[in-house]
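The values are calculated or read from the model by the stated rules, or taken from the named source; none is laboratory data. Quick caveat: nothing in here was measured; it's all calculated off a predicted structure. All Cβ positions, glycine included, derive from the backbone under ideal geometry; neighbour counts span all protein chains shown.
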Amino acid sequence: MALVDIQVPDIGDFDEVTVIELLVKPGDNVKAEQSLITVESDKASMEIPSSQAGVVKEVRVQLGDKVKQGSVVLVLEGEGAATTAAPAAAPVAEQNKAPAPAAPAPAATDSVASAAAPVATAGPVEVRVPDIGDFKDVAVIEVLVKVGDTVKAEQSLVTVESDKASMEIPSSVSGVIRELKVKLGDKINIGDLLAILEGAAAPAAASAPALAAAPAAAASAPAASQTSAPAPAAVAPAHEPSAPTGNLPHASPSVRKFARELGVPLADVKGSGPKGRITLDDVQGFTKAVMAGEARTQAQVAKAPASTGGGAGLDLLPWPKVDFTKFGPVERKDMSRIKKISAANLHRNWVMIPHVCNHDDADITELEAFRVLMNLEYEKAAKAGNNAGVVKITMLAFLIKASVAALKKFPEFNASLDGDQLVLKQYYNVAFAADTPNGLVVPVIKDADKKGVVQISQEMGELAKKARDGKLSPADMQGACFTISSLGGIGGRYFTPIINAPEVAILGVCKSSTEPVWDGQAFQPRLMLPLSLSWDHRVIDGASAARFNAYLGQILGDFRRVLL
Ligand code: CAO
């Protein structure tokens, strides 16, 4: 039997690519066209197949190696005639990445570059299948969007699959999907109409948006991370988005095919490969675990009634469907965009976090007197022509400063859960809920520990104005460690604020009022501020929460303690 060097074939425009997966080992029997390794460039990942059948004698590459056309991948004891020629089969492109580099799509880079300069277009825009190389009649195996969805340029619309590769087809423009022209199972070709978008902003260079987008840029950013719009409080993406929820799992076509054959939903499989890639072993491991009853698919979890002790299935009654018009006239109004985002976030946080709420009162008699005095002095100074009077010091600014002191003293409040780990933050960014005509938003005072109460008041005023004008940027709402929701200017006694995940606590503040407080000898009129602290019981114990609130009360009672 002849020994044959199996080389990297022509991989298109790619000079050097990195080996990220070894799919065979010495002793393995491989068939012609079977994938041997997976390689990755900055644009695509692809599998390099064997040009012939045989037994692997030696693997000549290691993970992390750089290879190019002609590099020897492995030595095969071939079944047929000896050859060192590159395989006839082109490498296959991986879904989530570009189409096969053997059929490079030149539009890719143009599309990426031009996407940087969006141009608003009037009227509906057709999004068509771009140049996807040599593929013909590829089947739509996944539709990733629906009518009414807002999509960004380069966001994936559908996944298609040929016998060699699967890939995502992105939108060439951003906008709202008015019509979807494809469905599961459809066979599509270059130039076919995928969707009609309205309110679209097209990349400047994409005068023919239909074909401007190339799959190369597809799915490089998960849909979730593109939700950069201002988002509300308990709600806001106060932190950088985490898991790429709107996206397909990261796996090569052969792994994908294998999973499909076994009926394994890839979304449920945890990838152990580089960048969370799902390997063949992961699919096998998951299958074994399900068979052994040690793991369940999400579909199984959703079906399991809570009463079976499964825990995750909520087993709720369907939402009541009522024809309200039977009882009187009604008007229907769409929820605002901010409210819709808030609703989804609030619901998740409410369901997923074991909230507990402590209520307490802080004596702010002296602090309020000091605040009023300071504002009077500033006003006087302003009248006398001194600029110092422009800032109004607010109670909320004192609360932010006092919270920083409490976060420093109780670091588990300045933390986030990440799996089994607690991430303890060494910075102090405090968010505050702001009521706006469109709903609740949560801007963040960054590095509040390094700022004085006057500066915090000033920044709060600016952020609150931006919030009301709908001008907050995503950066204005990111990176919070702790949130304060103040209803003090409105009224009420106590409430139970919902924690703004992934934070672990939130402080609710209501309207202060003068109350009789017993000083040991007599009742004294004191200005009392109601505090409601909600905390995540997975991270914080009740005793810590009571101490946190009590400490906050002490600071607000005598602000000199902040200096200690
Ligand atoms: N007790 C009594 N009075 C208070 C107070 C308190 N705890 N907090 C503020 N006030 C007073 C202020 O001193 C001010 O009085 P003057 O006009 O006489 O000076 C008045 O109430 C109005 O204050 P404000 O609400 O405009 O300012 P603020 O600094 O307290 O709050 C902001 C700013 C942006 C937080 C607030 O406008 C806001 O949007 N609050 C709503 C937050 C919210 O909706 N939370 C709910 C989230 S959960 O769904």
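Kindly indicate whether any position in segment 471-478 is without any contact (Cβ under 8 Å) to a residue 40 or more places away in the chain, within 23 Å of residue 372 (Cβ to Cβ) and not small (Gly, Ala, Ser).
Taking every residue of segment 471-478 in turn, none turns out to be without any contact (Cβ under 8 Å) to a residue 40 or more places away in the chain, within 23 Å of residue 372 (Cβ to Cβ) and not small (Gly, Ala, Ser).
Test of understanding: among 519, 536, 558, which residue is buried (at least 22 other Cβ atoms within 10 Å of the Cβ), acidic (Asp, Glu) and away from the ligand (no atom under 16 Å from the Cβ)?
Details: 519 fails: buried (at least 22 other Cβ atoms within 10 Å of the Cβ); 558 fails: buried (at least 22 other Cβ atoms within 10 Å of the Cβ).
Of 519, 536, 558, the one residue that is buried (at least 22 other Cβ atoms within 10 Å of the Cβ), acidic (Asp, Glu) and away from the ligand (no atom under 16 Å from the Cβ) is 536.
Any residue in segment 76-91 that is buried (at least 22 other Cβ atoms within 10 Å of the Cβ), of a type in the set (A, V, I, L, M) and modelled with pLDDT of 50 or more?
Within segment 76-91 (the criterion being buried (at least 22 other Cβ atoms within 10 Å of the Cβ), of a type in the set (A, V, I, L, M) and modelled with pLDDT of 50 or more), the answer is yes, since at least one residue qualifies.
Looking only at residues that are among the acidic types (Asp, Glu), assigned to a helix (DSSP H, G or I) and over 13 Å from residue 396 (Cβ atoms) in segment 444-472, which one is farthest from the ligand (Cβ to nearest atom)? Write out each step before concluding.
Applying the first criterion (among the acidic types (Asp, Glu)) to segment 444-472 yields 447, 449, 459, 462, 469.
If we keep only those that are assigned to a helix (DSSP H, G or I) as well, we get 449, 459, 462.
From the residues that got through so far, the ones that are over 13 Å from residue 396 (Cβ atoms) too are 449, 462.
On the way: 449: 20, 462: 11 Å.
Applying the filter and picking the extreme gives 449.
I'm trying to understand the selection: among the residues of segment 405-430, which are free of Cβ contacts under 8 Å to residues at least 60 places away in the same chain and not acidic (Asp, Glu)?
Matches in segment 405-430: 408, 411, 419, 421, 423, 424, 425, 426, 427, 428, 429, 430.
Pick from 382, 402, 397, 433: which is within 16 Å of the ligand (Cβ to nearest atom), farther than 23 Å from residue 532 by Cβ and either surrounded by fewer than 22 Cβ atoms within 10 Å (Cβ to Cβ) or touching a residue at least 40 places away in the same chain (Cβ under 8 Å) (or both)? Working first, answer last.
On the way: 402 fails: farther than 23 Å from residue 532 by Cβ; 397 fails: farther than 23 Å from residue 532 by Cβ; 433 fails: farther than 23 Å from residue 532 by Cβ.
Going through 382, 402, 397, 433 in turn, just one is within 16 Å of the ligand (Cβ to nearest atom), farther than 23 Å from residue 532 by Cβ and either surrounded by fewer than 22 Cβ atoms within 10 Å (Cβ to Cβ) or touching a residue at least 40 places away in the same chain (Cβ under 8 Å) (or both): 382.
Residues are listed down the side, and each one gets a yes or a no for (1) crowded, with 21+ Cβ neighbours inside 10 Å; (2) in contact with an Asp or Glu (Cβ under 8 Å, 6 or more places away or on another chain):
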position	(1), (2)
497	yes, no
505	yes, yes
513	no, no
529	yes, yes
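Would you check if residue 329 is surrounded by fewer than 17 Cβ atoms within 10 Å (Cβ to Cβ) and under 30 Å from residue 436 (Cβ atoms)? Let's see the steps before the verdict.
Numbers: surrounded by fewer than 17 Cβ atoms within 10 Å (Cβ to Cβ): yes; under 30 Å from residue 436 (Cβ atoms): yes.
Answer is yes for this residue.
Looking for something among the hydrophobic types (A, V, I, L, M, F, W, C), at pLDDT below 90 and part of a helix (DSSP H, G or I) - is there at least one such residue anywhere in segment 307-321?
no
Every residue in segment 503-560 that is within 15 Å of residue 488 (Cβ to Cβ) and out of contact with any strand residue (DSSP E or B) (no Cβ under 7 Å at 6 or more places or on another chain), please.
511
Does any residue of segment 484-493 turn out to be more than 9 Å from the ligand (Cβ to nearest atom) and of a type in the set (Ser, Thr, Tyr)? Break it down stepwise before answering.
Just the residues of segment 484-493 that are more than 9 Å from the ligand (Cβ to nearest atom), to begin with: 492-493.
Remaining after also requiring of a type in the set (Ser, Thr, Tyr): none.
Looking for residues that are more than 9 Å from the ligand (Cβ to nearest atom) and of a type in the set (Ser, Thr, Tyr), one finds none in segment 484-493, hence no.
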